[in-house]
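Structure, as C-alpha cells:
The values are calculated or read from the model by the stated rules, or taken from the named source; none is laboratory data. Note that the structure is predicted; figures quoted are calculated from it, not measured. Ideal geometry is used to build each Cβ from the backbone, glycine not excepted, and the neighbour counts take in all protein chains shown.
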Amino acid sequence: MIDILIIGSGGAGLSAALEAKKNGANVLVVSKTYPTQSQTCQAQGGINGVLSLKNNGDCVENHIKDTLKSAHGLGDEEAINFMCKESENTISWLDNLGVPFSRDEENNIAQRSLGGASNPRACYSSDYTGLKILHTLYDKCLQENIEFLNEYMLLNFIIEEQCIKGITALDIATTKVKQLLAKKVIIATGGYGGLYHGFTTNSSATTGDSIAIALKCGIELSNMEYVQFHPTALKKSFVLMSESARGEGGYLVTKDGTRFVDELLPRDVVARAIIEKMQEGEEVFLDLRHLGVQKIKQAMPQEYNLALEFAKKRLDTDLLPIMPAAHYTMGGIDTDIYGKTSIKNLYAIGECSSNGVHGANRLGGNSLLEIITFGRLCSNNVLSTLNGTTIEQKEYFTYQEDIKNIDTILSLPNEIDFYNIKKLLGVEFYKNVGLFRTKEKLETTLKKVQHWKEQLPKMGVTDKSEKYNTNLLEFIEFTNMLQLSEVVILSALKREESRGAHYRSDYPHEVKNFAKKIVSKNKKTLQVEFI
C-alpha cells in the first residue's frame, strides 16, 4: 500500500517526497514527463532568503514587507510570515543537500537583487538556480530509493464521501488507464501557463491538468485571474532570459539606447512598460554590453548561450530583442498553509496551489522558496496524520469510467484540428487576457472559448494506436486548457479593478472593497465569486 502518492516531480513534489521518505513513509512519485524536465528549471534567477551571516541591512521583516507589498492586499499573512521566517532554514537544507550555490569572497552563499526586493536576498547558482536545485533533489531521491512512475498522466481523482482514495492515470507508453490507490495524495503538478501557447516561457506540458480535474471534482480554485508575465523573453522564440540579467545590472532600452523604466520594479510594472513602448512602435532590448564579457559569462552563462543559440546575438556586443511572456500563475487549487484542500487526505503544493503566499503578484525569487518550504511543511503535516488511514482495495467506479472515457475519445470524429484551435487560444489569451485587459476583450475571447468547448466532440484524434499516443495525450491536455481558460476569463471579468498582475484598462485603479480572493467552483454550473 502506498502511504503518500505525489503527483508531479518538480521542486515541490521532490521536497515533499524526501521529507516523507526520511520519516519512513512508503512514497510513490508520478510524473507526466521526467523530473529533470520540470518547470522548476525555469526559475533561473535565485531563491530568496535572509541569511543571518550576511551584514547587508536585510532582515526577515523586510522580506515580509516586500512580499506583502507585491501581493497587493491578497496575501495570506500567516503563509507569508511562515515562508519568510523559514527561508534561512530552507536555504540551509538545500545547501546541506549539495545544491552548488554561488559563493562570495568570504565563501558565503552569494546573493543578488531581483525585482521588487528592498535588498539583495536571492541566493543563486549562476543563472541555473532552479535547474541545480531540481537536479540535486532528484539525485537525493534516487539515493533514497524513492520510487518514480514517469510518463503517467493524471486523469482523475478517485473520491468517495469527500475523501481521496487515489487517482487514475494514463500510462503514456501503453495508453492503458491505471488505478493508483494511496492513503494520502499530494498534487504538485505546476501551473497553467500553457494557456498562452506560443507566448509563454512554460513547457508544452504545463497545461494545468490537476487544476482542471480538481474543478471537475467540485474542489475550489482561487485567484485564477492572476497570471504573471516575465518582462524579458526572447522575441519570437519566447525563451526566458532570467531576471538575473537585470539583477546583475542589465538595462531595458529602446533602439537608440534610451532606458525607460527602473528594471528592478515588480515584474507586472516592467512588463507593462515594455508593452506600452512596443505599442508606440518602439522595439525593446535587453542591454548587457556595459557589464563586459567576463562578468556575463561568470554570472549568466546560460543566458549568454541562449541568446547565441536562439537569437544569434552576443550579450557582450549586441542588443537583445525581448518582449514579455506568460511565465507564472498565482491561482490554483485553494488550500491552507499546509496544502489541505476541501477533500479529506488530498493536498496541493507549488504552482498548482493557491495558499495566498503570492497574492496578486509573486515577488521575484519567492517561487523556489515557496515550493521547497511548503513542500516540506505539507509532507510533515501529512505524515503526522498518516496513522489510522486505510483504503479499501477494489476497482473504483472512477477507474471503470475513465477506461470508457478513453475509448470514447478515441472514437470521436476528427472534423476539426484541435492543434489549430490550441494555437488560436494562445493568440487570443496573449492579446486579450494578457497584460492589458478590458471587458470587451475578455468577452470576445470568452465567446470563442465557449464555442470551442461546444465543438470538442468534433475534435477527435487521428492516431488510434496504443503505443505512445501523444495525439491522445495532447487532446486530453487541450480539453483541460479549455476548461481553465473559461475560469480565468470569468475571474478576470469579475475583478473590475486593477490589482497586481491583473490590469484592467477599463478599471485602472485598485478598489479597496475588492481586496479579497475570487473562488471558482463547479456546482452543476460554474460559479465564480468573491469571498
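From the list Thr168, Thr129, which residue is among the hydroxyl-bearing types (Ser, Thr, Tyr) and over 29 Å from Lys216 (Cβ atoms)?
Thr129
State the number of residues belonging to the stretch 274-284 that are surrounded by 19 or more Cβ atoms within 10 Å (Cβ to Cβ) and outside any helix (DSSP H, G or I).
Number satisfying all stated conditions: 1.
Out of the residues in the stretch 242-260 that are under 22 Å from Ser367 (Cβ atoms) and of a type in the set (A, V, I, L, M), state the one that is nearest to the chain's Cα centre (by Cα).
Looking at residues that are under 22 Å from Ser367 (Cβ atoms) and of a type in the set (A, V, I, L, M), I get Ala245.
Looking at the stretch 66-99, which of the residues that are outside any helix (DSSP H, G or I) and either of a type in the set (Gly, Ala, Ser) or in contact (Cβ under 8 Å) with a residue 60 or more places away in the chain (or both) is farthest from Asp268 (Cα to Cα)?
Gly98
The rows are residues; the columns are (1) outside any helix (DSSP H, G or I); (2) at pLDDT 95 or above.
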{"residue": "Ile219", "(1), (2)": "yes, yes"}
{"residue": "Glu225", "(1), (2)": "yes, yes"}
{"residue": "Ser242", "(1), (2)": "yes, no"}
{"residue": "Arg272", "(1), (2)": "no, yes"}
{"residue": "Leu286", "(1), (2)": "yes, yes"}
{"residue": "Gln294", "(1), (2)": "no, yes"}
{"residue": "Ala307", "(1), (2)": "no, yes"}
{"residue": "Phe310", "(1), (2)": "no, yes"}
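Applying the selection to the stretch 100-123, what residues are touching a residue at least 12 places away in the same chain (Cβ under 8 Å) and basic (Lys, Arg)?
Arg112, Arg121
Right, Glu466: part of a loop (DSSP other than H, G, I, E, B) and over 24 Å from Ile213 (Cβ atoms) or not?
Taking the combined requirement at face value, the residue does not satisfy it.
Please pick out the residue among Glu106, Glu88 that is at pLDDT below 95 and either more than 18 Å from Gly249 (Cβ to Cβ) or among the polar types (S, T, N, Q) (or both).
Every option except Glu106 fails the conditions.
Tell me which residues, restricted to the stretch 312-322, are surrounded by fewer than 19 Cβ atoms within 10 Å (Cβ to Cβ) and not in a loop (DSSP other than H, G, I, E, B).
Pro321
Residues Leu181, Leu149, Leu154, Leu131: which one is part of a helix (DSSP H, G or I), touching a residue at least 40 places away in the same chain (Cβ under 8 Å) and not polar (S, T, N, Q)?
The conditions single out Leu131.
Tally up the residues in the stretch 490-530 that are touching a residue at least 60 places away in the same chain (Cβ under 8 Å), outside any strand (DSSP E or B) and of a type in the set (A, V, I, L, M), please.
The number of residues fulfilling the criteria is 3.
Select, from Ile333, Ile372, Ile406, Ile337, the only residue that is within 28 Å of the chain's Cα centre (by Cα) and in a strand (DSSP E or B).
Just a single option satisfies the conditions, and that option is Ile333.
For Ile416, state whether it is assigned by TED's automatic domain parsing to the domain that holds Arg495, surrounded by fewer than 17 Cβ atoms within 10 Å (Cβ to Cβ) and either of a type in the set (Gly, Ala, Ser) or in contact with a helix residue (DSSP H, G or I) (Cβ under 6 Å, 6 or more places away or on another chain) (or both).
Yes; evaluated as a whole, the condition is true for this residue.
Out of Asn26, Asn96, Asn107, I need the residue that is within 30 Å of Leu154 (Cβ to Cβ) and among the polar types (S, T, N, Q). Which one?
Residue meeting the stated conditions: Asn26.
Determine whether Gly426 is assigned to a helix (DSSP H, G or I), surrounded by 15 or more Cβ atoms within 10 Å (Cβ to Cβ) and small (Gly, Ala, Ser).
yes
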